[in-house]
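Remarks on the structure that follows.
The values are calculated or read from the model by the stated rules, or taken from the named source; none is laboratory data. Predicted model only: the values in this text are computed from it and were never measured. When we count neighbours, we look across all protein chains shown, and the Cβ atoms used for this are built from the backbone with ideal geometry, even at glycine.
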């Protein structure tokens, strides 16, 4: 059931792009501006360097075990019980990630659009959507995402070009007045964001042409970095570093600035499109969670697990902070380490362990 | 009122997936299914009743 779902390289690219950019492009500028001030637009590039290291570890790991997901080869590398624990840990991680995205989505809806409905309802609706998507399998999600990703990217491009008139490059100066250190500090969280391509550990086994995995991932990172940089630049140029840092959703405010002919209130359109991207992201994380769980326990059918996990997803999302402020606080302080633990350190550890085992035992990968 | 909704939700989920699992004799899956469902139910009702529950996000912050 797992392996019949093959996805193409471009589908994988779209999935990963949505994963990285999906939520972060909305809030990236404010995070970067908080730490780096007027140099915030350099943060995506700086973070990219760190992220390359992270992703390198992930890709190497996936390349060593073609056709298998983390859950499967962690059992090979670490032994049965520790391997299953790793799978469970990843299942939890993805559930938590999905819940965080869901919570931010709920926050977005609450602050900008749907003031009336209680948060639970908003989260529940999205939860149900995600559950139904995951039930239909990765292939289906990938195909839907082809459309969604295309629309999202197009929307971002159009928006950025529409406000290009009002931008003033000199607002970006002086460059690097405060030196490199603030940049490095602000880059911590974005590195973890880039690192969310860790889902590639689960997607690569499904690729029609696994050898293209590296190219795809690198392309995703470059494209995402480019988008982040441009949108952060725009945000700083329009609102200044302090204004940007104080915003909850800089990208939404960017959208509000469009006033061409009768095209106003574009942020509603942008948000409508974005919901699609967020939906895919949540569904993808949920899928990774379910797959991890299924493989941890060697289950044949993981589909029935999806609804209860969906419920837990919503509940976890509700628990993830009473307000956006709390959520951001968590993100800023805990997420870099927490995210990198699963995105970098764990893959690195598995990689090293596999290498050591391979040296000690020439027949290593062939053992059941 | 809320409890009714929650109860309905969990019963629906159970009835939707449960019988298929039993028919196919997939006991491992069934156990996991029940565990997850009960966990969700516990937390769900706990939230509805405002019972203090362990909060993973808050616990992580203390790390």
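Figures for the structure shown
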{"item": "Hits in segment B:24-48 (condition: under 24 Å from residue A:296 (Cβ atoms) and more than 10 Å from chain A (Cβ to nearest Cβ))", "result": "B:25, B:27"}
{"item": "For residue A:57: the one exception among (1) under 30 Å from residue A:187 (Cα atoms); (2) surrounded by fewer than 16 Cβ atoms within 10 Å (Cβ to Cβ); (3) touching a helix residue (DSSP H, G or I) at 6+ places or on another chain (Cβ under 7 Å)", "result": "(2)"}
{"item": "Residue in segment A:253-262 that is surrounded by fewer than 18 Cβ atoms within 10 Å (Cβ to Cβ) and at positive phi present", "result": "yes"}
{"item": "Residue A:72 being buried (at least 23 other Cβ atoms within 10 Å of the Cβ) and closer than 30 Å to residue A:211 by Cβ", "result": "no"}
{"item": "Which numbered condition residue A:248 misses (of (1) surrounded by fewer than 21 Cβ atoms within 10 Å (Cβ to Cβ); (2) not in a loop (DSSP other than H, G, I, E, B))", "result": "(2)"}
{"item": "Only one of A:131, A:125, A:120 that is touching a helix residue (DSSP H, G or I) at 6+ places or on another chain (Cβ under 9 Å), modelled with pLDDT of 85 or more and assigned to a helix (DSSP H, G or I)", "result": "A:131"}
{"item": "Of the criteria (1) within 17 Å of the chain's Cα centre (by Cα); (2) farther than 24 Å from residue A:125 by Cβ; (3) within 14 Å of chain B (Cβ to nearest Cβ), which one residue A:286 fails", "result": "(2)"}
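Yes/no per residue for (1) away from chain B (no Cβ under 14 Å); (2) touching a strand residue (DSSP E or B) at 6+ places or on another chain (Cβ under 8 Å); (3) modelled with pLDDT under 80; (4) within 30 Å of residue A:73 (Cα to Cα):
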site: A:276; (1), (2), (3), (4): yes, no, no, no
site: A:281; (1), (2), (3), (4): yes, no, no, yes
site: A:290; (1), (2), (3), (4): no, no, no, yes
site: A:311; (1), (2), (3), (4): no, no, no, yes
site: A:319; (1), (2), (3), (4): no, no, yes, no
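Per-residue answers, yes or no, for (1) closer than 21 Å to residue A:220 by Cβ; (2) without any contact (Cβ under 8 Å) to a residue 60 or more places away in the chain; (3) within 18 Å of the chain's Cα centre (by Cα):
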{"site": "A:56", "(1), (2), (3)": "yes, yes, yes"}
{"site": "A:59", "(1), (2), (3)": "yes, no, yes"}
{"site": "A:71", "(1), (2), (3)": "no, no, no"}
{"site": "A:83", "(1), (2), (3)": "no, yes, no"}
{"site": "A:87", "(1), (2), (3)": "no, no, no"}
{"site": "A:99", "(1), (2), (3)": "no, no, yes"}
{"site": "A:103", "(1), (2), (3)": "no, no, yes"}
{"site": "A:108", "(1), (2), (3)": "no, no, yes"}
{"site": "A:111", "(1), (2), (3)": "no, no, no"}
